[in-house]
Amino acid sequence: MSNPTHTKRYSKRITSLCLAISTSIFFLHGFMHHAKGRRTIIESPTSPTNTASRTFLDAPTNYKPSCADGLWHGTFGALNADSYFTNPPVSIAIAFCEHSLDWLDHLLQGLDVRNITVYSKCGNRVPNILNRTNKVELRNVGRVDHAYVYHMANLPEGTDPDEVQLFLKDTYPNHHQVQLRRRSLQDVIQEAAGTTGFSCGSIPNWLNTFDRTTFLSKTWFHTGFNYGSEWSAWHVSSEVAKFRLKKYNSAGGYAARDDVDFAGNLTFENWFDALKLPLPHPVMPVCYAGTFAAKPKNIFASRAVWTTMLKLLERGDNVIEGHYAERTYAVALMPYLPRHVYERILHLSRGFRMFSYSADFCGLLYGCSDDINEG
């Protein structure tokens, strides 16, 4: 007759062994996916072929991005041929639904604000904030992105070319995306006034660590190979193209105000086709969190994109097209960079986040190192 204690002990050992084997298989599966992803991002980078009215940035041929100069992380000071304006003029577009705008006066102190336009989306009264505020009522569709795109699609051609356009949402004070570092608006506006004509208000500020992932999840195992790796604002385009969500609950607590299906039928690649905007390869910048700034000439260069995007965002209130728009702004507003710059951004990177692990930040490059072999 078997001893119950021995039986229980053997059962635990067998369970532990099975778990270890399963864990190893899962771990190796993640490693092979990671290795495959790393090979993908170093294969034959190319510059965009269909440039439409977009411009190429005339970066010096001897310019070689490094981990220290900011470009890989998402700032563009290294690309500026001219010195910054000390305090460039700025007009502000605010997407408003129901949150207070009491924070605005304090936030804008020290800025040369020429104009403020508040786009009201939810039928609520816009508070009196400053005398130079324009108030525009819009349909409650497409959320903040509809307001931003409406502003760009209708920006007057006679706008002062030096007047930076800054985009904010009414929930600006509620910074909930801990993976991102919020930059000062002064820095964002000054950078947008420079050579690139664009700047993002929040850039990745994250390190892969075990305590920020679910134990034994795919991301947890992936962290084992990339512990302590920094995140970049640049993404592998082919991986971002896989982005898809079935549903989305706003961190601001906004519930959908219609019955329109969130996901719809439009893929991210179809979105770019509809915009007649080439999906850049091999990498693309992405600006998250809904705060960015651009020069008028950058906005005008993609005018046809904004007109089409505006129609796509009108499908409903809470729709995936808004998330597509968020991942498109930097692509449509940044001038194209020379091929050697894209190549270097890739070669600085250890790998990228895969859609199969998580839709959030999929395609994002990580692990900047000046010592990575470029061969």
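The values are calculated or read from the model by the stated rules, or taken from the named source; none is laboratory data. Since we're looking at a predicted model, the values are computed, not measured. Neighbour counts are summed over all protein chains in view; Cβ atoms, including those assigned to glycine, are modelled from backbone coordinates with ideal geometry. What goes into the accessible areas is simple: the full protein's heavy atoms, side chains included, and nothing from ligands, DNA or RNA. Shrake-Rupley method; radii C 1.70, N 1.55, O 1.52, S 1.80 Å.
Just a few scattered comments:
- For segment 292-375, the per residue solvent-accessible surface stands at 29 Å², with DNA, RNA and ligands left out and a 1.4 Å probe.
- Each Lys or Arg adds one and each Asp or Glu takes one away; over the other residues whose Cβ falls under 12 Å from the Cβ of HIS175, this sums to +4.
- Solvent-accessible surface of segment 145-201, taken per residue with a 1.4 Å probe and all protein chains present: 35 Å².
- Taking label positions 7 Å along the Cα-Cβ direction at both ASN154 and ALA304, the computed distance is 2.3 nm, reported to one decimal.
- Rolling a 1.4 Å probe across the protein heavy atoms gives segment 62-115 an accessible surface of 47 Å² per residue.
- The listed peptides 297-304, 277-284, ordered by packing as a protection proxy, come out as 277-284, 297-304 (highest mean of other Cβ atoms within 10 Å first).
- Overall, the accessible surface of segment 136-212 at a probe of 1.4 angstrom is composed of carbon and sulfur to the extent of 48 percent.
- Protection proxy ranking for 175-184, 309-318, 158-167, 327-336, using the average of other Cβ atoms within 10 Å per residue and placing the highest first: 327-336, 309-318, 158-167, 175-184.
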